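The values are calculated or read from the model by the stated rules, or taken from the named source; none is laboratory data. Bear in mind the structure is a predicted one, so any value in this text is a computation, not a measurement. Reconstructed Cβ throughout: ideal geometry from the backbone, glycine too, with neighbour counts over all protein chains shown.
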Amino acid sequence: MSTESDEIGPTTMPVDVFSPTPQQQEMPLARIHGEPVLSIPQDLYIPPDALEVILEAFEGPLDLLLYLIRRQNLNILDIPIAEITRQYTKYIEMMHEMKLELAAEYLVMAAILAEIKSRLLLPRPPDTEATEDDPRAELIRRLQEYERFKAAAENIEALPRVERDTCVVHATADGQKVVRLPPTVERQELILAFKDVLRRVDLQAPHAIKRDTLSVRQRMGEVLKAIGDGSFHPFASLFTPAEGRLGVVVTFAAMLELAKDRLIDIIQEGPFNPIYLKSSTANSNV
């Protein structure tokens, strides 16, 4: 006869009836100085105004009126005061039911709507109907002004904002040399500089009875010798006013010949800036 112990195979693991059942830990309500708080303190006092609800949809009574007019697709120049007043008071009653604190501006606007409605209902003398202004005119003016400012604020808000839509990036290239090539001298700039030299020569040229014959080829050599050190020389410094107009013209012709033969460089940093001359042969010799 086989017993119950004989039916259990040798590989069967016994069940540990004493192992604890896994349980979910209670979530703390809060943590104060790193310590969990599992229950609400009995002496905890919550003030009535601890919860503040901010309605972002309406920023004031004019914003609410503008919303009601747009929702009903009404003409802002011909506001039906009765319908708008009814919707406005319904909204205020809803805020009272939700126990939200009403700002004084909403109550003042309700009083203004009631006054306008009463002025429209009261009979007016026949002689004043043509001269009396519309009671809604001031309210319409305020709504139009508020609508313009609100549209301007929305347009400004839609503009790209630094650190919200875009970010400023600075990039530096270390170890690189930027080579700035001198700009090309325009012919008009060269002629203007030459005219300025001629004007000064006319003012300073002394009276000469006899003039020596000047050679353009010889003056080319003198100009190359004067700027042969490889540095920049001002354009006006290469002229000798004592030689008169003839000497100035010969020197200018020598410069043009040297520039045509690529023996000198004529450089100007920008429009109306001083013009400098530099020897090209000095760079090649170095």
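Take the residues in the stretch 181-195 that are part of a loop (DSSP other than H, G, I, E, B) and of a type in the set (Val, Ile, Thr); name whichever of them is surrounded by the most Cβ atoms within 10 Å (Cβ to Cβ). That would be VAL185. A count restricted to the stretch 137-167 and to residues that are surrounded by 11 or more Cβ atoms within 10 Å (Cβ to Cβ) and of a type in the set (Lys, Arg) stands at 2.
Given the structure, is PHE239 among the aromatic types (Phe, Trp, Tyr), surrounded by 10 or more Cβ atoms within 10 Å (Cβ to Cβ), more than 21 Å from GLY270 (Cα to Cα) and modelled with pLDDT of 80 or more? Here the answer is yes, as PHE239 does meet what is asked. For VAL178, state whether it is under 30 Å from PHE272 (Cα atoms) and in a helix (DSSP H, G or I). In short, no.
For (1) modelled with pLDDT of 90 or more; (2) assigned to a helix (DSSP H, G or I); (3) on the phi > 0 side of the Ramachandran plot, each residue gets a yes or a no:
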{"site": "VAL201", "(1), (2), (3)": "no, yes, no"}
{"site": "ALA208", "(1), (2), (3)": "no, no, no"}
{"site": "LEU214", "(1), (2), (3)": "no, no, no"}
{"site": "GLY230", "(1), (2), (3)": "no, no, yes"}
{"site": "ARG245", "(1), (2), (3)": "no, yes, no"}
{"site": "ALA259", "(1), (2), (3)": "no, yes, no"}
{"site": "PRO271", "(1), (2), (3)": "no, no, no"}
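The set of residues from the stretch 66-91 being in a helix (DSSP H, G or I) and of a type outside the set (A, V, I, L, M) comprises TYR67, ARG70, ARG71, GLU83, THR85, ARG86, GLN87, TYR88, THR89, LYS90, TYR91.
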